[in-house]
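Engineer: Have a look at the structure that comes next, please.
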Amino acid sequence: MAEAGKKSVWQKKENAEAFLRDERGAVPGAGLQMSVIECMIREWAPAAKRVLDLGCGDGVLGRYLLGAFPGAECVFADFSDPMLEAARGKLGSGHRLVKADFSSPAWVKSVRQYAPFDAIVSGFAIHHLHDDRKKELYSEILGLLSPGGVFLNLEHVKSRTPEVERLFEEFYTDHLHGCLLGVDPGASREAAADVYRNRPDREEDKPALVEDQCEWLRETGYRDVDCFFKVFAIAIFGGRK
């Protein structure tokens, strides 16, 4: 996500559509990630009635949680009009979709009327922000949670060494190649590597170490903070109010 006042690459319809078409299904371990998030919410907020999906994209995470918690209401928030259009197409009518730019504190105004939330989940929506803004955002999210409410962040995090980052790129490229083969049986692995190396948001990407982010959450006031899942540079971490 771009800094406040700057256009993000995800505001371009062609980038959003290409990501949802070609890359969404390539995220390694997506099914397990969903299961871990569901497990944490069932443990900490088993009677969740109101959920906020930050950076909803086409709504995949929130839609999964609506299936797991059929009595819940879900608010889907994203800063990208093309992403919100995709979510609307997948969700149909009767759901709350809100435009919210997380790079500025003003985003809270767009969802405050629906608060408090029993669970707030974020899917790859925060790693484009600078560290100081991440810390502020975690505090803003805490203020939207109900007592005991849970925040879970599914995120691209920083690797500690270049070697681990290289291994992650190879790992992700293999999954992306498999995804592309489903569309084009002749797709080469080098083509998948090019897609990864030249992904539109590469210049916007500002991942931080998961250990640092967990410490920021503790400093902000979250309880039971931990990293609940991590494969190379993809992690689920968070805590509860």
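This table checks each residue for (1) among the basic types (K, R); (2) touching a helix residue (DSSP H, G or I) at 6+ places or on another chain (Cβ under 8 Å); (3) surrounded by fewer than 18 Cβ atoms within 10 Å (Cβ to Cβ).
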{"position": "V111", "(1), (2), (3)": "no, yes, no"}
{"position": "L129", "(1), (2), (3)": "no, yes, no"}
{"position": "K134", "(1), (2), (3)": "yes, yes, no"}
{"position": "G143", "(1), (2), (3)": "no, yes, yes"}
{"position": "D194", "(1), (2), (3)": "no, no, yes"}
{"position": "N198", "(1), (2), (3)": "no, no, yes"}
{"position": "D205", "(1), (2), (3)": "no, no, yes"}
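Engineer: Look at E163 and say whether it is within 19 Å of the chain's Cα centre (by Cα) and either crowded, with 17+ Cβ neighbours inside 10 Å or not aromatic (F, W, Y) (or both).
Structural biologist: When the stated conditions are applied, E163 does not pass them.
Engineer: Would it be correct to say that R42 is among the basic types (K, R), touching a Lys or Arg at 6+ places or on another chain (Cβ under 9 Å) and modelled with pLDDT of 90 or more?
Structural biologist: Criteria not met by R42.
Engineer: Among the acidic types (D, E) and farther than 18 Å from F102 by Cβ: which single residue out of E155, E169 fits that description?
Structural biologist: Criteria check complete, one pass: E169.
Engineer: Filter segment 113-127 for residues that are surrounded by fewer than 22 Cβ atoms within 10 Å (Cβ to Cβ) and either over 16 Å from the mean Cα position of the chain (by Cα) or of a type in the set (D, E, K, R) (or both) and give the result.
Structural biologist: Selection gives Q113, Y114, A115, P116.
Engineer: Out of segment 100-154, which residues are part of a helix (DSSP H, G or I), closer than 23 Å to E203 by Cα and acidic (D, E)?
Structural biologist: D131, D132, E136
Engineer: Could you say whether any residue in segment 75-88 is crowded, with 19+ Cβ neighbours inside 10 Å, assigned to a loop (DSSP other than H, G, I, E, B) and not hydrophobic (A, V, I, L, M, F, W, C)? Lay out the reasoning, then the answer.
Structural biologist: Here is the first cut: in segment 75-88, the residues crowded, with 19+ Cβ neighbours inside 10 Å are 75-80, 82-84, 86-87.
Still in the list and also assigned to a loop (DSSP other than H, G, I, E, B): 79-80.
Applying the additional criterion that residues be not hydrophobic (A, V, I, L, M, F, W, C) yields 80.
Yes, because at least one residue in segment 75-88 is crowded, with 19+ Cβ neighbours inside 10 Å, assigned to a loop (DSSP other than H, G, I, E, B) and not hydrophobic (A, V, I, L, M, F, W, C).
Engineer: Of all residues in segment 206-241, count the ones that are part of a strand (DSSP E or B), of a type outside the set (V, I, T) and touching a residue at least 40 places away in the same chain (Cβ under 8 Å).
Structural biologist: Number of matching residues: 9.
Engineer: For residues that are basic (K, R) and within 16 Å of the chain's Cα centre (by Cα), scanning just segment 203-241, find the one that is farthest from E136 (Cα to Cα).
Structural biologist: Only one residue fits best here, namely K230.
The values are calculated or read from the model by the stated rules, or taken from the named source; none is laboratory data. Predicted, not measured: the structure shown is a model, and the values here were computed from it. We place every Cβ from the backbone using ideal geometry, glycine too, and count neighbours over all the protein chains shown.
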